[in-house]
1. Could you calculate the contour length gain from residue 10 to residue 74, that is, 0.36 nm times the residue separation minus the distance between their Cα atoms, to one decimal place in nm?
2. Using a 1.4 Å probe, how large is the accessible area of residue 2, given in Å² and rounded to the nearest 10?
3. How large is the Kirkwood hydrodynamic radius of the range 1-113, in angstrom, based on all distinct alpha carbon pairs?
4. Return an integer: the convex hull volume of the alpha-carbon atoms of the range 45-111, in Å³ per residue.
5. Helix 5-14 versus the longest principal axis of the chain: what is the Cα-based angle in degrees, 0 to 90, to the nearest 10?
Amino acid sequence: MILSDKTIQEMLSAGTLQIEPLEPQQVQPASVDIRLGDTFSVVEDSPAGVLALDGDIRYKTITSDTYILLPNQFVLATTMEYVALPDDVTAFVEGRSSLGRLGLFIQNAGWVDPGFEGEITLELYNANRCAIELKAGRRVGQLVFARMDGAALHPYRGKYQGQRGAMGSRIFLDEEVRK
């Protein structure tokens, strides 16, 4: 069941759902607006021109209030908001239609697990022929919350828990777990 603004506000007041910082106007009828933070990361070029998924991938990270996203460029960004979900609520990250119509694709794999806590890393791609100016504080998407039929037996406590800033892929840690 998708949570309404009334339920979201009740959970925020009770502290069972935490979003900081949060302005009252960010709470929409069935979502909460998320804003662009000031941290951006791009994958560093590899000498071989290939990203190996079994090793640490290097990123160049910058902190800036403005980032110019060139055509066909991909960048990781972060939300201003630090989110803490209870063990019985999940969230979906959705981009804003107004930005999608400009060719700015916003994603984070689309899913936030119950029990997750941290800033949300966004994957931004410019599909336009023109550069797009990104500014910290701009509304870039929304979180849609859904209550599960019960608390998760194994809420999220994974490799991105507590993240701050535009966190690069830690896929190489998947291989460490299998060893």
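1. Values: separation 64, 0.36 × 64 = 23.04 nm, distance 3.70 nm.
19.3 nm is the gain from fully extending residue 10 to residue 74.
2. Here the accessible area works out near 90 Å².
3. Details: mean 1/r = 0.0605 Å⁻¹.
Over the range 1-113, the inverse of the mean reciprocal pair distance is 16.5 Å.
4. On the way: hull volume 10.9 nm³, N = 67.
Hull volume over Cα atoms, normalised by residue count, gives 162 Å³.
5. With rounding to tens, the tilt is 90 degrees.
The values are calculated or read from the model by the stated rules, or taken from the named source; none is laboratory data. From a predicted model like this one, the values you see are computed outputs, not experimental measurements. Surface accessibility is based on the protein's heavy atoms, side chains included, excluding ligands, DNA and RNA. Shrake-Rupley method; radii C 1.70, N 1.55, O 1.52, S 1.80 Å.
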